[in-house]
Amino acid sequence: MEVIQSGIGELIQPPDVNAFREWNRAKPKALIDKRMTEAEAVSRFIRDGDYIGTELYGTVRCPMSLINEIVRQGITDLRVAGQGVFELDMLLAAGRIKALDVTYIGLEVYGVSNCLRREVESGRVKTCVEWSNAAIAWRFKAAAMGVPFIPVRSMLGTDTLKYSAAKVVKCPYTGDPICLLPALILDVGLIHVHRADIYGNAQIDGISGFAAEMARASKRLIISAEEVVSNEEFRCHPDRTIIPYYLVDAVVEAPFGSHPGEMCYVYVRDEAQIREWVEASKEIETAQAYLDKYIYGVSNHQEYLEMIGRERLDNLNRMAKRETDERTTP
Amino acid sequence: MKEQRHSDFQTPPGTLTYNPTELLICTAARLMPDNTTAFIGTGIPMLAASLAQKMHAPNLVTVFEFGGTGAILEKLPLAVGGECTFHRAVAASGICDIVETAQRGFIEYGFLGGAQIDPYGNLNSTVIGDYCQPKVRLPGSGGANDVGSHCWQTIAIMRQDKRRFVEKVDFVTTPGYLSGPGAREAAGLPPGTGPYRVVTNLAVLGYHAESKRMVLLATQPGIPIEQVFANTGFELLVAEVVEENSPPTAKELQILREEVDRDHLYI
């Protein structure tokens, strides 16, 4: 195929699909109990310099209890697939990101991410490579397919492509230019789900973002779950399994694991807490104070939830229940 | 497809007051016909889609990039993956399904925002200043590039001033007509797609059929044409007849304030 254009962005993680096959071949397929704490999962499976990814947008089903633990353990020089809101803001605020495949990092209705601004404008994030949202998801899809690239019609003609690591080739079938995205194989994927069993089988309620693709694109996969349920639940409803157990290395039971983000049908997002971060994130000192209080100042997720308080969490549950009732009885 | 000019939109003579955000929402809502598919982002497009569903387009099929198809917008999502984006929807899938649906040609309208727009409708939401030494690092493409690449007609919603309406955007995040006629097709983007309208607090703009440059189609109520020019940083073409939009109606404003955004999160 004739290459018409090559993006000048760095290919942060090369799509070594043969090594990925070998890795997957060696992965244990036995039904073993993979339950562990956030602390154990993070210390066993994430290392400095790893390429990690989080799934969906950072206030919806975001793996906050895992991210907080990464920050707490001081893991650094991370390379990250940057599609995020709250969780990537924590890593940026703590200065742990070295390289970003970035599609969107911002605070949605609250505007730009001050942490992203500080880290990129100062050059502390050393590498920034641009992509669209679907491009990142499709890169995971290519890895999930076990192929080194996937042809798509996004990004063509733009600076987004110029500053990416995509290539434009002449399609051998139609003759038209088409964009090739390199497969993105993660060292570690982090996904928060509604429920899992002890082996790692997982279900998600509501929209599934790019969980199915990212789970299959991860060499090591840490699942946190609102609840751990029996394997029987999965055997009775296999059509509901979005992530089969053999992809998974660790299962962390984390009720309110997405707090202050939301978990559809279970709890709504904690607007007061998010606003507290939006304010705190404006200056380095106040952002640091937030991390000191909510991450370094507690030793684990349970202590964090105790600080937030039962009453407030119950209220988030109640609001979600009310929404669910409204949905089913119009 | 023509934009809606329904009798409901006529306002009796009087003095309704509304703010610029309300005007943007009402103007954008009128561009959403019933029984069409529209790719909706957070913020103003969402409010406009909700208003359109309650006014003239009950079966406006809203499409949200992280998996919601056909949501009834009773409440406002604060996140693009929030529960409201698939509230009483017809399907809850994922981002690949949604954008692949757009890539297959199923999605008629795409609504976008941006920090800068140029005469060809190219949008910037990545950096202000030089890319390598940015003055401001913005969030990045997100789904905008996908929407601008695959939807048949894209509609940008923005505040209009000379900093935003510029001859050349600092970074082409999302493709408009790129460098002009034929450029999208030459780049490999799907033929027949491209920018359709720009809705601002001052005007509604379109694109010239041949040159693909931005054209002033209508002014917002009470806005003189000169004010539109004064807030545009490039040479703006002008339609033979420049209409004046009818102001938001009492009914639109009532629904917007009492139903769409009753907590006044945006307006």
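Any idea which residue in the range A:161-203 is surrounded by the most Cβ atoms within 10 Å (Cβ to Cβ), counting only those that are assigned to a loop (DSSP other than H, G, I, E, B) and among the charged types (D, E, K, R)?
Within the range A:161-203, the subset assigned to a loop (DSSP other than H, G, I, E, B) is A:163-166, A:171-176, A:183-185, A:197-201.
Narrowing the set further to residues that are among the charged types (D, E, K, R) leaves A:176, A:197.
Numbers: A:Asp176: 16, A:Asp197: 25.
Here the answer is A:Asp197.
Condition first: facing chain A (nearest Cβ under 8 Å) and surrounded by 20 or more Cβ atoms within 10 Å (Cβ to Cβ). Now tell me which residues in the range B:65-74 satisfy that.
Let us first name the residues in the range B:65-74 that are facing chain A (nearest Cβ under 8 Å), namely B:65-68, B:74.
Result: B:Glu65, B:Phe66, B:Gly67, B:Gly68.
Write out, first by first residue and then by second, each pair whose Cβ atoms fall under 8 Å of each other, whose residues are 6+ apart or on separate chains, and whose first residue, in the range A:95-109, is facing chain B (nearest Cβ under 7 Å) while the second is of a type in the set (Ser, Thr, Tyr) and surrounded by fewer than 21 Cβ atoms within 10 Å (Cβ to Cβ).
That search, which allows pairs on different chains as well, returns A:Val109/B:Tyr266.
Quick one: in the range B:171-191, which of the residues that are more than 9 Å from every other protein chain (Cβ to nearest Cβ) and surrounded by fewer than 24 Cβ atoms within 10 Å (Cβ to Cβ) is farthest from B:Asn122 (Cα to Cα)?
Going through the range B:171-191, the residues more than 9 Å from every other protein chain (Cβ to nearest Cβ) turn out to be B:176-177, B:180-182, B:191.
Remaining after also requiring surrounded by fewer than 24 Cβ atoms within 10 Å (Cβ to Cβ): B:180-182, B:191.
Values: B:Gly180: 10, B:Pro181: 13, B:Gly182: 14, B:Pro191: 17 Å.
Of everything passing the filter in the range B:171-191, B:Pro191 is farthest from B:Asn122 (Cα to Cα).
Check the range A:139-156 and report whether any residue there is of a type outside the set (Lys, Arg) and at positive phi.
First, pick out the residues of the range A:139-156 that are of a type outside the set (Lys, Arg): A:140, A:142-152, A:154-156.
Filter once more, so that each one left must be at positive phi: A:146, A:155.
Yes, the range A:139-156 contains a residue that is of a type outside the set (Lys, Arg) and at positive phi.
From the list B:Ala89, B:Ala102, exactly one residue is within 20 Å of B:Arg197 (Cβ to Cβ) and in contact with a strand residue (DSSP E or B) (Cβ under 7 Å, 6 or more places away or on another chain). Which is it? Walk me through it before giving the result.
Working: B:Ala89 fails: within 20 Å of B:Arg197 (Cβ to Cβ).
Selected residue: B:Ala102, the only one of B:Ala89, B:Ala102 that is within 20 Å of B:Arg197 (Cβ to Cβ) and in contact with a strand residue (DSSP E or B) (Cβ under 7 Å, 6 or more places away or on another chain).
Taking A:Glu121 as the residue in question, decide whether it is under 25 Å from B:Val136 (Cβ atoms), among the charged types (D, E, K, R) and under 20 Å from the mean Cα position of the chain (by Cα). Outline the logic, then answer.
On the way: under 25 Å from B:Val136 (Cβ atoms): yes; among the charged types (D, E, K, R): yes; under 20 Å from the mean Cα position of the chain (by Cα): no.
No: the conditions fail for A:Glu121.
Mind telling me which of the residues A:Arg269, A:Arg275 ends up being of a type in the set (Lys, Arg), within 12 Å of chain B (Cβ to nearest Cβ) and in a loop (DSSP other than H, G, I, E, B)? Reasoning before the result, please.
Numbers: A:Arg275 fails: in a loop (DSSP other than H, G, I, E, B).
Residue meeting the stated conditions: A:Arg269.
Residue-wise test of (1) farther than 26 Å from A:Asn317 by Cα; (2) in a helix (DSSP H, G or I); (3) within 14 Å of the chain's Cα centre (by Cα).
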position	(1), (2), (3)
B:Pro45	yes, yes, yes
B:Glu74	no, no, no
B:Arg88	no, no, no
B:Val99	yes, yes, no
B:Phe106	yes, no, no
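Restricting attention to the range A:134-160, report how many residues are under 22 Å from A:Leu186 (Cα atoms), out of contact with any helix residue (DSSP H, G or I) (no Cβ under 6 Å at 6 or more places or on another chain) and either at pLDDT below 95 or crowded, with 24+ Cβ neighbours inside 10 Å (or both).
Of the residues in that region, 6 qualify.
Kindly evaluate B:Ser149 against the criterion of being buried (at least 24 other Cβ atoms within 10 Å of the Cβ), outside any loop (DSSP other than H, G, I, E, B) and not hydrophobic (A, V, I, L, M, F, W, C). Talk me through it step by step, then tell me what you get.
Details: buried (at least 24 other Cβ atoms within 10 Å of the Cβ): yes; outside any loop (DSSP other than H, G, I, E, B): yes; not hydrophobic (A, V, I, L, M, F, W, C): yes.
Answer is yes for this residue.
Any idea which residue in the range A:141-153 is farthest from A:Leu91 (Cα to Cα), counting only those that are more than 9 Å from every other protein chain (Cβ to nearest Cβ) and not in a loop (DSSP other than H, G, I, E, B)?
A:Pro151
What is the residue count in the range B:229-252 for residues that are crowded, with 17+ Cβ neighbours inside 10 Å, in a helix (DSSP H, G or I) and more than 19 Å from the chain's Cα centre (by Cα)?
0
Consider A:Cys236 against the criteria (1) without any contact (Cβ under 8 Å) to a residue 24 or more places away in the chain; (2) buried (at least 18 other Cβ atoms within 10 Å of the Cβ); (3) not β-branched (Val, Ile, Thr): it satisfies all of them except one. Which criterion is unmet?
Failing condition for A:Cys236: (2).
Give the number of residues within the range A:171-217 that are in contact with a strand residue (DSSP E or B) (Cβ under 6 Å, 6 or more places away or on another chain) and over 30 Å from B:Ala79 (Cβ atoms).
5
Looking at the structure I just gave you, is B:Gly81 in a helix (DSSP H, G or I) and either within 9 Å of chain A (Cβ to nearest Cβ) or at pLDDT below 95 (or both)?
Numbers: in a helix (DSSP H, G or I): no; either within 9 Å of chain A (Cβ to nearest Cβ) or at pLDDT below 95 (or both): yes.
No, not satisfied.
The values are calculated or read from the model by the stated rules, or taken from the named source; none is laboratory data. On a predicted model such as this, the values are computed, not experimentally measured, just so you know. Reconstructed Cβ throughout: ideal geometry from the backbone, glycine too, with neighbour counts over all protein chains shown.
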